[in-house]
Amino acid sequence: MSSTPAPPNRYRWTILAAGVFAQAAFAATGLGLPAIAPAIRQHYQLSLPQIGVVLAAANFGSLATLLPWGIVADRIGERAVITLGQTGTAAALVWAGHAPSYAVLVAALAATGAVGAGVNAASGRAVMAWFGAEERGLALGIRQMAVPLGGAVGAVVLPVLNSHVSLTAAFYALAIGCLAAAVVAAFLLRTEPGEEDDHSLLARPLRDPRVWRICIASTFYVMTQLGLLGFFVLFLHDRRGVSTAVASGAFAATQVLGGISRIVVGRLSDRLRMRIVPLRWIALILALSLGLTTAVVDLTTWVVIPSLVLAGVLGLSWNGLSFTAAAETAGRARSGSAIGLQQTFLSAGAIVGPIVFATVVHAVSWRAAFLLAALSPLVGYVLLSPLAERRP
C-alpha cells in the first residue's frame, strides 16, 4: 500500500471555501430563478407548464454534460473545469438576459446548465480529495450548503434587481457571480498531494451497482425537492395571494435553513459513521411534512407558510448525504465520475419534477401536486434499503 501524505491542515479549508463559492454562484442560476418566476411569466406571457419548462431548462442542458464533466475532472483536475465552465456560464446568462422569446430563453438557460454543470463534480471532487472520512460528511455538507445558499442570495437579490432595474439586470447579476467564481477557482484551487495514487478496483463508479442504486434513489428525492421549491413562490403568490416580497422572503429563509440542515446532517453522519441510514430517515420525515402541507393547503397563510418552509428545509437537507455516499462508494480517484453520474440522475429528476408538478397543478389541483411530491421520497427509501449500514 502506498502512503498518502496528509493534506495541509489549513489549506483544505481554502479549497472548501473556493468550492462553496463556485457552487453557490452556479446554484443561484437555478434555485434563484423561482424568485423571479412571476416576472418571467409576465414578461414572456407564459402558461404554468411553460414556466415549469423555463425553471427546468438548465437541467436539460446539464443532463448531457454532467457525466462527461465528471470524467474530465478526474482527468485534468478541478481548477480547469470550474474556471472554463463558469466563464462559459456567465456568457450564457448574458444571452439569457437578452432573450427575445420564450424559445430563446429556454435555449440560453439550457446552455447555462450545459457549460456550468462541471462545477458540481469538480467542487465535490476537490473537497472529497482534501478531507478525510472522519470529517468528509461535514465538509461535503458545507459544500452542499452552497446550493441553498446561492438560492437564498438569488431569492433576495434577483427580485430587487427586477423591481428596481430590470429583468435583464437580474440575469447580469447571475453572470457576474459565475465569472467571479471562475476567477477564484483559477487562483485558489490546486491538486491535493498524492491524489493521483488512488486507482483501486473499487474506483470504477460506472461498473458499481451500489453507485447506480444511490443515483436512482436520489432521483426520487430531487423530484420532490425541485417540484416543491420551483413553485414555492408561485403557489404563495398566485394561489394564496401573498405578495412577491413576502413569498420570496419565505423562500430565502427556506434556502438558508436548508443549507444549515445540510451541515447538521453531514456532521451527524460523521458521528454515526453512516450515510444511507440517515438518508432514509430524511425520506420518511420529508414525506410526513409534505403530507402535512397537503392537509393544510387551504388554511390561513400563517399555517401554510411554516408548513411549506418546513417541507422545503427537509427537501434540501439530504443532498450532502447522497453526494458523500456516491463519492465514497466510488473511491477518491474516481469520485468526479461518480458525482457526475449521480448529478446526471439528479438533473433528470430536476427536469421531471417541476414539469410533472406543474402539470398536476394545471390538470388537477395544488393539493394533488403536494400529495404526489410526498410519495416520491418513499420510493427512494425503499430503493436504498439494501445499502443501509448495520451497526457492528
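The values are calculated or read from the model by the stated rules, or taken from the named source; none is laboratory data. Predicted model only: the values in this text are computed from it and were never measured. Here the Cβ is made from the backbone with ideal geometry for all residues, glycine too, and neighbour counts use every protein chain on show. Only protein heavy atoms, including side chains, enter the accessible area calculation; ligands, DNA and RNA are left aside. Shrake-Rupley method; radii C 1.70, N 1.55, O 1.52, S 1.80 Å.
At a Förster distance of 41 Å, what's the computed FRET efficiency of S163 paired with W302, Cβ-Cβ distance as r, to 0.05?
Step by step, r from the Cβ atoms, then E = 0.95.
Please work out the Cα center distance from segment 322-346 to segment 26-45, rounded to the nearest Å.
Between the Cα centres of segment 322-346 and segment 26-45 lies a distance of 29 Å.
In debye to the nearest 20, how big a dipole does segment 34-168 give about its Cα centre with +1 on each Lys and Arg Cβ and -1 on each Asp and Glu Cβ?
120
Per residue, how much accessible area does the chain have with a 1.4 Å probe, in Å²?
38
Of the options S261, V277, G150, report the single residue whose Cα projects farthest towards the positive end of the charge dipole of the chain (beta-carbon charges: Lys, Arg +1; Asp, Glu -1).
Going by the Cα projections, it comes out as V277.
What helices does the chain have that are whole DSSP H segments, at least 20 Å long along their own axis by Cα, and with mean Kyte-Doolittle hydropathy of 0.0 or more?
The qualifying helices are 11-31, 48-63, 78-97, 102-116, 133-164, 167-188, 209-230, 244-272, 276-296, 301-317, 335-363, 366-383.
Please label the shape of the chain as rounded, prolate or oblate, based on the square roots a ≥ b ≥ c of the eigenvalues of the alpha-carbon gyration tensor (a/c under 1.5 means rounded; beyond that, a/b larger than b/c means prolate, else oblate).
Oblate is the answer for the chain, as a/c is 1.5 or above yet b/c matches or exceeds a/b.
State the percentage of accessible surface on the chain attributable to carbon and sulfur atoms; use a 1.4 Å probe and exclude ligands, DNA and RNA.
Accessible surface attributable to carbon and sulfur in the chain totals 68 percent.
Order these peptides, 24-31, 362-369, by their mean beta-carbon neighbour count within 10 angstrom, highest first.
Top to bottom by mean Cβ count within 10 Å: 24-31, 362-369.
Have a look at I355, T224, L378 and report the one farthest towards the positive end of the charge dipole of the chain, computed about the Cα centre with Cβ charges (Lys/Arg +1, Asp/Glu -1).
Of the candidates, L378 comes out farthest on the positive side.
Hey, can you rank 156-165, 339-348, 81-90, 102-111 by average C-beta count inside 10 Å, highest first?
The densest-packed peptide leads the list: 339-348, 81-90, 102-111, 156-165.
Counting alpha carbon pairs within less than 8 Å and at least 6 residues apart, what relative contact order, in whole percent, applies to the chain?
After rounding, I find 28 percent.
Given Cβ point charges of +1 (Lys, Arg) and -1 (Asp, Glu) and nothing else, what value in debye, to the nearest 20, does the dipole of segment 248-391 about its Cα centre take?
Here the size comes out at about 540 debye.
Mind putting a number on the dipole of the chain about its Cα centre? Charges go on the C-beta only, +1 for Lys and Arg and -1 for Asp and Glu, and I need it in Debye to the nearest 20.
I would put it at about 500 debye.
For the chain, what does the helix formula give at 222 nm: sum of -39500 (n - 2.57) over DSSP H segments with n ≥ 4, over the residue count, nearest 500 deg cm²/dmol?
Taking each H run of at least 4 residues, the total per residue is -26500 deg cm²/dmol.
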